[in-house]
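Bear in mind that the values in this text are calculations on the coordinates, not laboratory data. These figures come from a predicted structure and were not determined experimentally. Positions of Cβ are generated from backbone atoms using ideal geometry, with glycine treated the same way; all protein chains shown enter the neighbour counts.
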Amino acid sequence: MKMAVIGDMDFVTGFMLAGIVDIYEVKSDEEMVKAVEDVLRRKDIGVVAIKPEFLKKLPVALRREIEERVEPTFIAVGATGIVEEIREKIRKAIGVDLWK
C-alpha cells in the first residue's frame, strides 16, 4: 500500500523530499474535496496524511465516510492528540489495542 498526502505547498514539501510521490497539492476547498474523493476511489492508497485544518473543512458526509473506512486511513499530521488518533485507528482496523 502507498501513502498519499493532501495539503498546501508548505505542508506537502517535506513529504515530497521524503520520496512520497502521491502528492495532492491543493489551493482551494474545492480542490481539497476532489483530492479526497480521488484518494477514496484508489485501491493502492493505504494511508493519507492531511493537514488538520483541511480535514475540518471537509463536508460532513465526506468526513463521516473517512471516519467509517478502514482503508485508506486518514491521519491529521500536525494535530494534537495524533498518537491517540492513530491508536484508535489501529484498534478499529485490527480489533486489538496494541498499546495494552
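Summary of computed values
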item: Per-q log10 I(q)/I(0), the range 1-47, q = 0.32 Å⁻¹ (Debye; single scatterer per alpha-carbon; no solvent); result: -1.18
item: Given charges at beta-carbon only (K, R positive; D, E negative), |dipole| of the range 2-94 in Debye; result: 320 debye
item: Cα gyration tensor, the range 24-82 - rounded (a/c under 1.5), prolate or oblate; result: rounded
